[in-house]
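A.B. asks: Encoded as structure tokens, here's the structure I'll be asking about.
The values are calculated or read from the model by the stated rules, or taken from the named source; none is laboratory data. Bear in mind the structure is a predicted one, so any value in this text is a computation, not a measurement. We place every Cβ from the backbone using ideal geometry, glycine too, and count neighbours over all the protein chains shown.
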Amino acid sequence: MKTLKIAIQKSGRLNEKSVELLKNCGLSFENYKSSLISPVSNFPLEILFLRDDDIPEYVQDGIADLGIVGENVIHETEVDVAYLQKLGFGKCSLKLAIPNNSDIQSISDLNGKSIATSYPVILKKFLAGHNVVSDIRTISGSVEIAPGLGLSDAICDLVSTGGTLISNGLKPFGDVMYSEAVLIGRKGEEQNPLIVELIDRVQSVLRAKETKYVVLNIERKNIEQIKALLPGIKSPTVVPLAEEGWVAVHTVIPEKDFWSKISQLKAAGAEGIVVMPIEKIIL
């Protein structure tokens, strides 16, 4: 059986989370920081460690079967690949930003202005969609210093927390695109059994990260109310307790609903609530 190749960042903001995800999928590999290729010992897979800008093209050309990369990189390189799974990390926005004292008030005010960016392709399409023509100045790294040096009137750059903008006297002005890490593959290869299995593993890890396992005690007379609050994956597991009239309920709660559900459970008479992380959920 052919060994798959997956390309991930050698260094940068997605490297650590990509390695963590692959290890949580049960893949065993070592020495990834000192090598460009790392074989997986318990799955027919090799991991390639590349510059993020190179990953989409490697996948498109079939040098790698899969890749983990930010959506912004895919749009900027304009490659033709299959989106297989959003991964929930590396979230950021590509934003326009202007100096705090700028007189620019709307997107149309960017007509004739200069904009520094590391993403000229994405920016050009965005401006064209707003019928704006600007002088796009391509800069590699440290884009946020361009206005202060007199190189541009505005910038277009990735923003996670906004701290770098503030420290350089800039303020967000408009959203160009949202981005997060995605698993990509070569088009036409999506049904490869090994790829399908790896995607299943990834999805089981992602489901678990979004969910908490909950065990609670409740009087049997309140069980229907509790079941209405906690449907679980299919339905809660109910186990009789030694104390007459009481049961233990086992279920899962989505992370986003966790605290509101806990409050509702307590109001419905739940006691002894135990919350545990889940490693994987396989459907």
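A.B. asks: List, please: which pairs have Cβ atoms under 6 Å, are six or more places apart or on different chains, and start with a residue in segment 34-51 that is in contact (Cβ under 8 Å) with a residue 24 or more places away in the chain and closer than 13 Å to residue 63 by Cβ and end with one that is exposed (fewer than 14 other Cβ atoms within 10 Å of the Cβ) and hydroxyl-bearing (Ser, Thr, Tyr)?
C.D. replies: 46/3
A.B. asks: Something else about it: Determine, yes or no, whether residue 74 is at negative phi and in the same structural domain as residue 162 (by TED's automatic domain parsing).
C.D. replies: no
A.B. asks: Search segment 171-220 for residues being of a type in the set (Lys, Arg) and over 30 Å from residue 243 (Cα atoms), and hand back the single one that is surrounded by the fewest Cβ atoms within 10 Å (Cβ to Cβ).
C.D. replies: It comes out as 187.
A.B. asks: Under the condition of being among the hydroxyl-bearing types (Ser, Thr, Tyr) and surrounded by fewer than 19 Cβ atoms within 10 Å (Cβ to Cβ), which residue from segment 2-56 is nearest to residue 92 (Cα to Cα)?
C.D. replies: Applying the filter and picking the extreme gives 11.
A.B. asks: Another question about this same structure. How many residues does segment 184-228 contain that are under 16 Å from the mean Cα position of the chain (by Cα) and of a type in the set (Phe, Trp, Tyr)?
C.D. replies: 0
A.B. asks: Next question, about the same structure. Do you know which of the residues in segment 229-248 that are touching a residue at least 24 places away in the same chain (Cβ under 8 Å) and farther than 16 Å from residue 278 by Cβ is farthest from the chain's Cα centre (by Cα)?
C.D. replies: By that ranking, first place goes to 245.
A.B. asks: Then there's this: Does residue 153 satisfy being surrounded by fewer than 16 Cβ atoms within 10 Å (Cβ to Cβ) and over 28 Å from the mean Cα position of the chain (by Cα)?
C.D. replies: No: the conditions fail for residue 153.
A.B. asks: State whether the residues of segment 269-280 include one that is part of a helix (DSSP H, G or I) and out of contact with any Asp or Glu (no Cβ under 7 Å at 6 or more places or on another chain).
C.D. replies: No, every residue in segment 269-280 fails to be part of a helix (DSSP H, G or I) and out of contact with any Asp or Glu (no Cβ under 7 Å at 6 or more places or on another chain).
A.B. asks: A further question on this structure: Tally the residues that are over 22 Å from residue 62 (Cβ atoms) and free of Cβ contacts under 8 Å to residues at least 60 places away in the same chain, restricting the search to segment 1-28.
C.D. replies: 8
A.B. asks: Inspect segment 226-239 for any residue being surrounded by 17 or more Cβ atoms within 10 Å (Cβ to Cβ), out of contact with any helix residue (DSSP H, G or I) (no Cβ under 7 Å at 6 or more places or on another chain) and of a type in the set (Ser, Thr, Tyr) and give the result as yes or no.
C.D. replies: The answer is no, given that none of the residues of segment 226-239 is surrounded by 17 or more Cβ atoms within 10 Å (Cβ to Cβ), out of contact with any helix residue (DSSP H, G or I) (no Cβ under 7 Å at 6 or more places or on another chain) and of a type in the set (Ser, Thr, Tyr).
A.B. asks: A further question on this structure: Given the condition closer than 30 Å to residue 23 by Cβ and among the acidic types (Asp, Glu), answer yes or no: does some residue in segment 227-249 qualify?
C.D. replies: no
A.B. asks: Checking the structure you have, find out if any residue of segment 133-147 is over 25 Å from residue 74 (Cβ atoms) and either of a type in the set (Gly, Ala, Ser) or free of Cβ contacts under 8 Å to residues at least 12 places away in the same chain (or both).
C.D. replies: No: segment 133-147 contains no residue that is over 25 Å from residue 74 (Cβ atoms) and either of a type in the set (Gly, Ala, Ser) or free of Cβ contacts under 8 Å to residues at least 12 places away in the same chain (or both).
A.B. asks: Test residue 62 against the criterion of being at positive phi, surrounded by fewer than 16 Cβ atoms within 10 Å (Cβ to Cβ) and touching a residue at least 60 places away in the same chain (Cβ under 8 Å), and give yes or no.
C.D. replies: Criteria met by residue 62.
A.B. asks: Answer yes if at least one residue in segment 76-92 is buried (at least 17 other Cβ atoms within 10 Å of the Cβ), modelled with pLDDT under 95, more than 14 Å from residue 195 (Cβ to Cβ) and in contact with a Pro (Cβ under 6 Å, 6 or more places away or on another chain), and no otherwise.
C.D. replies: yes
A.B. asks: Only residues in segment 95-107 that are touching a residue at least 12 places away in the same chain (Cβ under 8 Å) and under 24 Å from residue 179 (Cα atoms) count as the first member; pair them with residues that are outside any loop (DSSP other than H, G, I, E, B) and among the charged types (D, E, K, R), Cβ under 6 angstrom, at least 6 apart or cross-chain, and list the lot.
C.D. replies: The qualifying pairs are 95/175.
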